[in-house]
Protein chains: 2
Amino acid sequence: MIAGIELGGTKTVIAIGTAEGRVIKECRFPTTHPEETLDFAINWLARRGVPTHIGIAAFGPVGLVPGRANFGKVLATPKPGWAGFSLTNKFAAAFPNARLALDTDVNAAALAEAQIGAAAGLDDVAYITIGTGIGGGILTGGRLVHGAIHPEFGHLKVPRMPGDEYPGICPFHRDCLEGLASGPAIHARWGTPSHEIPSGHPAWETEAWYLAHGILSLLAIVSPSRVIVGGGVSQADGLHQLISRKLEEIAAGYFPPAAEAGYVVPPALGQDAGICGALLISGMQSFCERLTNENAGEW
Amino acid sequence: MIAGIELGGTKTVIAIGTAEGRVIKECRFPTTHPEETLDFAINWLARRGVPTHIGIAAFGPVGLVPGRANFGKVLATPKPGWAGFSLTNKFAAAFPNARLALDTDVNAAALAEAQIGAAAGLDDVAYITIGTGIGGGILTGGRLVHGAIHPEFGHLKVPRMPGDEYPGICPFHRDCLEGLASGPAIHARWGTPSHEIPSGHPAWETEAWYLAHGILSLLAIVSPSRVIVGGGVSQADGLHQLISRKLEEIAAGYFPPAAEAGYVVPPALGQDAGICGALLISGMQSFCERLTNENAGEW
């Protein structure tokens with residue numbers, strides 16, 4: 001039995017499905033305290049069988065490097081009770097013969113969109129999500145980018161839109177991309193939640209300016225063939241087209257897209273990208289083997 | 001016999017050496033017309049033996065995807081005679097049993113610094129070069145990033161230094177990173193070639209501002225553990241320290257570097273990174289195999 005779990009900041013999804021990312025049965029429930037959340041997921045699974053593979057997609061940051069002391073643990077997070085909590089220990093205790101694989105929720109979503117979603121069959125793909133924060137997951141040459149710590153796409157800096165003097169809301173950087181273009185930044189800047197701002201409002205030109213500049217950095221650094229823009233804010237009418245137009249303008253003939261549709265597309269899996277990705281991760285042999293070999297003793 | 005060739009815009013290096021990147025014998029000569037340049041290199045090699053492996057590190061852009069029509073060819077370049085020229089055909093004809101591997105000069109340099117240079121033993125490494133242009137090579141999880149087209153690190157956009165209104169010199173983008181911080185941009189902005197500008201001159205604070213912002217985008221997108229800053233401009237006294245300081249300031253506690261020395265270091269291989277990288281590329285099995293299997297018929 002193949003299982004996946006998507007641990008989000010507010011909700012968790014536990015599922016059984018296929019290693020190809022298809023959900024057979026799933027259950028969504030609120031993320032509460034870590035013990036309670038994982039117990040619920042484990043009991044739900046145990047009533048359905050014994051998993052041989054479990055893919056865990058977790059809200060970041062998470063220790064992803066096997067062999068390091070923080071492997072499998074939730075790192076610094078404001079979410080009460082979660083910092084330092086091991087996501088792998090409880091699963092390993094409940095299902096000692098299951099192979100566990102772990103990645104961030106945004107990497108799981110990127111993998112799912114790249115394998116069975118809006119970028120199916122492409123090896124070089126970026127997925128960004130614009131919501132409470134701004135995050136990104138990248139595949140290059142068919143492999144997920146993990147990096148030395150972990151990417152934090154939201155915290156790069158982009159040029160100011162001419163005339164824009166809004167200071168930005170990131171507590172660390174003020175006017176990084178997340179500080180200027182996340183959902184809460186839009187709300188704070190215009191005094192209205194993003195989902196209440198009509199299309200045609202100047203908020204969306206501003207939003208497209210900043211996102212297009214962030215995406216230009218993606219093109220310059222990892223050269224994806226497609227950039228999937230998801231998350232709550234991305235559901236605004238026409239936003240993908242606005243970003244595409246601005247991106248084409250600032251790229252000025254550089255980075256010609258392979259597809260006529262351009263780089264920027266909406267997700268195909270919507271809400272399901274994370275849980276589909278968790279199932280896909282469960283089948284990633286190389287990562288599973290690394291876990292099993294290097295960390296068996298620590299579980 | 002293992003051979004490597006580094007084709008630069010002005011000079012070419014041909015060498016025999018080891019698959020571990022050690023040069024045994026090398027010859028440097030000016031890059032002229034493509035036929036002449038490759039003939040010289042092939043004759044130099046043929047006098048020394050028959051290579052079993054040849055690693056080619058070429059000034060970009062180059063078609064790197066086996067199976068595409070432009071594979072092995074120099075793409076759009078202002079250098080007379082080179083656009084569309086196949087770098088692999090002549091080597092394949094001269095040494096039909098040799099396994100050929102090809103990458104960009106900047107990727108070769110990144111690989112060399114990551115394996116035997118300033119980032120030896122690290123899996124997540126970025127190498128940027130600041131000279132006539134600005135380019136970058138990236139390893140993530142020990143693998144070179146190629147992307148769908150090819151990365152063009154120099155052409156991302158960064159915020160303006162407050163008060164700086166210099167328009168920039170990139171013919172495509174004006175004020176992309178390359179347009180504001182390459183050697184010719186420094187020369188044009190200050191009226192003095194960069195190697196004649198003394199340390200302490202405000203040119204270097206400006207340079208550090210722009211490079212630090214470019215490097216912040218690298219940290220946010222691929223999370224390298226080290227960023228090697230090379231190229232002619234990087235030899236200015238104290239520039240690495242200025243960049244480090246600015247980077248620490250703008251990262252504001254994000255992206256804590258693993259090493260006490262911080263992210264930004266000078267190259268260890270200097271002028272030799274490209275040719276050492278060409279030798280290392282020759283030993284990259286997976287890439288060689290892809291070439292041999294997929295492109296045998298085209299050579």
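Tabulated data
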item	result
Among the candidates B:Arg189, B:Arg174, B:Arg143, residue that is facing chain A (nearest Cβ under 10 Å), without any contact (Cβ under 8 Å) to a residue 40 or more places away in the chain and more than 18 Å from the chain's Cα centre (by Cα)	B:Arg174
Hits in the range B:223-237 (condition: open to solvent by 10 Å² or more (accessible area, probe 1.4 Å), within 22 Å of B:Gly121 (Cβ to Cβ) and in a loop (DSSP other than H, G, I, E, B))	B:Ser225
Single unsatisfied condition, B:Arg68 versus (1) more than 18 Å from the chain's Cα centre (by Cα); (2) at pLDDT below 95; (3) within 26 Å of B:Ala212 (Cβ to Cβ); (4) within 11 Å of chain A (Cβ to nearest Cβ)	(3)
Residues located in the range A:9-23, provided they are open to solvent by 10 Å² or more (accessible area, probe 1.4 Å) and under 25 Å from A:Gly84 (Cα atoms)	A:Gly9, A:Thr10, A:Lys11
Residues (at negative phi and either within 7 Å of another protein chain (Cβ to nearest Cβ) or in contact with a strand residue (DSSP E or B) (Cβ under 6 Å, 6 or more places away or on another chain) (or both)) located in the range B:151-169	B:Pro151, B:Glu152, B:Phe153, B:Gly154, B:His155, B:Leu156, B:Lys157, B:Val158, B:Pro159, B:Arg160, B:Pro167
Set B:Glu6, B:Glu26, B:Glu36: member being among the charged types (D, E, K, R), outside any loop (DSSP other than H, G, I, E, B) and crowded, with 21+ Cβ neighbours inside 10 Å	B:Glu6
Unique residue being touching a strand residue (DSSP E or B) at 6+ places or on another chain (Cβ under 6 Å), more than 20 Å from A:Ala258 (Cβ to Cβ) and more than 10 Å from chain B (Cβ to nearest Cβ) when the list is A:Gly183, A:Gly230, A:Gly133	A:Gly230
Qualifying residue in the range B:51-60 (condition: open to solvent by 10 Å² or more (accessible area, probe 1.4 Å) and modelled with pLDDT under 95)	yes
Conditions (1) crowded, with 21+ Cβ neighbours inside 10 Å; (2) at pLDDT below 95: number failed by A:Phe172	(1)
Members of the range B:245-270 found to be in contact with a strand residue (DSSP E or B) (Cβ under 9 Å, 6 or more places away or on another chain), in a helix (DSSP H, G or I) and open to solvent by 30 Å² or more (accessible area, probe 1.4 Å), listed by number	B:Gly270
Inter-residue pairs, beta-carbon under 7 Å, first at the interface with chain A (Cβ under 9 Å from one of its Cβ atoms) and in the range B:248-263, second open to solvent by 80 Å² or more (accessible area, probe 1.4 Å) and modelled with pLDDT of 90 or more, 6+ apart	B:Ala252/A:Phe172; B:Gly253/A:Phe172; B:Tyr254/A:Phe172
Filter result for B:Asn89 (within 14 Å of another protein chain (Cβ to nearest Cβ), within 20 Å of B:Gly60 (Cβ to Cβ), of a type outside the set (A, V, I, L, M) and touching a residue at least 24 places away in the same chain (Cβ under 8 Å))	no
Neighbours by Cβ (under 7 Å, 6+ apart or cross-chain): first from the range A:5-18, under 14 Å from A:Ser282 (Cβ atoms); second among the aromatic types (Phe, Trp, Tyr)	A:Ile14/A:Trp44
Looking only at the range B:63-117, and only at residues there that are of a type in the set (D, E, K, R) and open to solvent by 40 Å² or more (accessible area, probe 1.4 Å), the one that is farthest from B:Asp272 (Cα to Cα)	B:Arg68
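The values are calculated or read from the model by the stated rules, or taken from the named source; none is laboratory data. Every value quoted in this text rests on a predicted model; they were computed, and no experiment measured them. Because the Cβ atoms are built from the backbone with ideal geometry, glycine has one as well, and the counts that use them run over all protein chains shown. Calculation scope for accessible area: heavy atoms of the full protein, side chains included, ligands and nucleic acids excluded. Shrake-Rupley method; radii C 1.70, N 1.55, O 1.52, S 1.80 Å.
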